[in-house]
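The values are calculated or read from the model by the stated rules, or taken from the named source; none is laboratory data. Bear in mind the structure is a predicted one, so any value in this text is a computation, not a measurement. Glycine gets a Cβ as well: all are built from the backbone with ideal geometry, and neighbour counts include every protein chain shown.
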Amino acid sequence: MSAAARAVPLWRESLVGGHKIRAACRFTVPPSEATAGTVAVGELLGRAGFTRADAPDGVIVFRRGSAVGDTILNGTGLSLLTSRLGPLSLEAVVVVEATPRDDLTEIVVSMVLGDELAPTVAEAVDAVIDGLVARGVAVGGAGWGRAVDLPAESLGNPKTAREHGLRR
């Protein structure tokens with residue numbers, strides 16, 4: 001699928017693409033496709049080693065790794081070779097929100113912790129958007145940006161996520 005068929009640019013073509021920073025993707029879909037979009041994000045993140053965690057109503061939180069694994073892999077330089085070593089993994093927390101916006105639903109997928117896994121998260125989100133577009137779903141929205149630039153009321157904003165205990 002070419003990027004020209006997408007209203008939302010691929011992560012690697014965005015300003016945050018190719019950088020290991022906490023990124024967020026904001027995209028809109030018809031309300032009838034919101035559940036399918038969020039479920040698909042969860043499935044692809046699950047295949048990448050993320051597990052669903054407790055979260056407040058209205059958001060889904062996925063976690064991977066631990067502070068210990070992150071410290072060992074980053075501190076020894078092993079993260080240049082792998083993001084997982086046995087039971088140890090780089091740490092990351094991803095928040096997924098679906099919010100009604102006029103006649104559409106905005107889905108926000110945001111890394112609130114763990115910038116080393118940005119390419120993994122981006123690959124999953126871009127694959128979901130590609131899948132929706134391939135099925136003829138109209139996908140629009142702001143696309144990829146920095147997670148810290150999300151509105152303060154969004155639990156996808158790292159500061160707000162920390163205040164609500166989602167980054168632990």
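Close contacts from segment 30-43, counting a first residue that is surrounded by fewer than 20 Cβ atoms within 10 Å (Cβ to Cβ) and a second that is assigned to a helix (DSSP H, G or I), with Cβ to Cβ under 6 Å and a gap of 6+ residues or different chains, come to ALA40/VAL128.
The set of residues in segment 18-29 that are of a type in the set (A, V, I, L, M) and buried (at least 18 other Cβ atoms within 10 Å of the Cβ) comprises ALA23, ALA24, VAL29. For segment 98-156, the set of residues classified as β-branched (Val, Ile, Thr), surrounded by fewer than 17 Cβ atoms within 10 Å (Cβ to Cβ) and under 12 Å from the mean Cα position of the chain (by Cα) is empty.
At pLDDT 85 or above, within 21 Å of ASN157 (Cβ to Cβ) and touching a Pro at 6+ places or on another chain (Cβ under 9 Å): does that describe GLY42? When the stated conditions are applied, GLY42 does not pass them.
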